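Engineer: The structure is given below, and queries will be raised subsequently.
The numbers here are math on the coordinates, done by the rules we state, and not lab data. No experiment lies behind these values; they were computed from the predicted model shown. Here the Cβ is made from the backbone with ideal geometry for all residues, glycine too, and neighbour counts use every protein chain on show.
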Amino acid sequence: MYFKYGPKETDYLKNRCPRLARVIERVGPVRREADGDLFSAVVHHMVGQQISTRAQATVWRRMRERLGQVNAQRVCALQAQELQRLGISQRKAEYILDFARKVQNGEVDLAAVAEMDDAQAIAHLSALRGIGVWTAEMLLLFCLQRPDVLSYDDLAIQRGLRMLYRHRKITRALFEKYRRRFSPYGSVASLYLWAVAGGAVPELTDPAVRQSRQDKPVK
């Protein structure tokens with residue numbers, strides 16, 4: 001499953017910004033995988049914190065092989081040591097088990113979270129141990145498929161904005177200007193800013209990197 005969007009969203013963004021319009025035309029459709037199950041998505045994000053994408057994929061494969069389906073009941077049946085044997089750190093194992101138990105006993109109602117507005121859902125998810133605001137925003141985008149997620153805390157989003165609009169720094173005020181420009185389809189704008197940051201448009205360079213090199217002392 002992929003994040004769903006189409007001509008309605010891209011046409012809106014093209015009309016709002018000629019620079020982004022050129023990127024959308026150049027890059028074409030962006031396919032980013034989504035996970036429709038909020039519980040497994042939360043656990044997946046917990047597993048992936050502070051490790052490489054490859055390591056995350058390996059640990060996640062082991063976890064799915066061990067559990068079959070990653071749900072609260074099956075996670076709660078494990079001990080922390082069993083999770084650690086899959087390659088999960090002790091702290092992450094504690095976070096995962098704490099989350100699973102709260103879902104199991106009804107303290108965390110994921111169905112209710114899915115019905116909350118963006119701000120409420122982010123606040124609710126980021127209150128969980130091991131989940132910060134950025135992770136909560138990614139859960140909204142790639143699990144709940146919310147249409148208007150643009151994360152200030154995402155360094156690649158900031159890099160994409162610098163590259164596309166030729167800024168050396170993205171301040172909060174500047175970020176809010178672009179967030180308003182892209183709304184209500186900030187999530188699709190995020191997909192293209194990530195593509196820019198990843199080098200999808202080679203002639204777009206990062207002004208912050210150039211400035212950093214100029215600032216280096218002469219030896």
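Engineer: Please state the charge dipole magnitude for segment 38-142, taken about the Cα centre, from unit charges on C-beta atoms (+1 on K and R, -1 on D and E), reported in debye and rounded to the nearest 20.
Structural biologist: On the way: 12 positive and 10 negative charges, 145 e Å.
Computed about the Cα centre, the dipole is about 700 debye.
Engineer: One quarter of the convex hull surface, Cα atoms only: what value does that give for the chain in nm²? Write down the numbers at each step before the final one.
Structural biologist: Numbers: hull surface 57.6 nm².
If you wrap the Cα atoms of the chain in a convex hull and average its projections, you get 14.4 nm².
Engineer: Contact order normalised by length for segment 38-142, with contacts defined as Cα pairs under 8 Å and 6 or more residues apart; what percent is it?
Structural biologist: Values: 87 pairs, mean separation 26.4, N = 105.
The value is 25 percent.
Engineer: Continuing with the same structure: List nothing, just return the count: lysine pairs in the chain, 8 or more apart or interchain, with Cα separation under 29 Å.
Structural biologist: Lysine pairs meeting both conditions in the chain amount to 9.
Engineer: Using θ = phi - 60° and the Karplus form 6.51 cos²θ - 1.76 cosθ + 1.60, what ³J(HN,Hα) does each residue of segment 43-59 get, whole Hz, x for Gly and Pro?
Structural biologist: So the Karplus estimates, Gly and Pro as x, are 5, 4, 5, 4, 4, x, 5, 6, 9, 5, 4, 5, 5, 4, 4, 5, 5 Hz.
Engineer: D117: net charge of surrounding residues, Cβ under 15 Å, Lys/Arg +1, Asp/Glu -1, itself excluded?
Structural biologist: Values: positive: R146; negative: E115, D118, E137, D148.
So the environment of D117 carries a net charge of -3.
Engineer: Sorted from largest down, what three extents in whole angstroms do the Cα atoms of segment 9-113 have along their principal axes?
Structural biologist: 53, 32, 23
Engineer: Here is a further query. Given C-alpha coordinates of segment 45-160, what is the ratio Rg to Rh with the Kirkwood estimate of Rh?
Structural biologist: Working: Rg = 14.7 Å, Rh = 15.2 Å.
For segment 45-160, the value is 0.97.
Engineer: Still on this model: Exposure proxy check: Y2, Y152 ranked by fewest other beta carbons within 10 Å?
Structural biologist: Working: Y2 12, Y152 16.
Placing the least packed residue first, the sequence is Y2, Y152.
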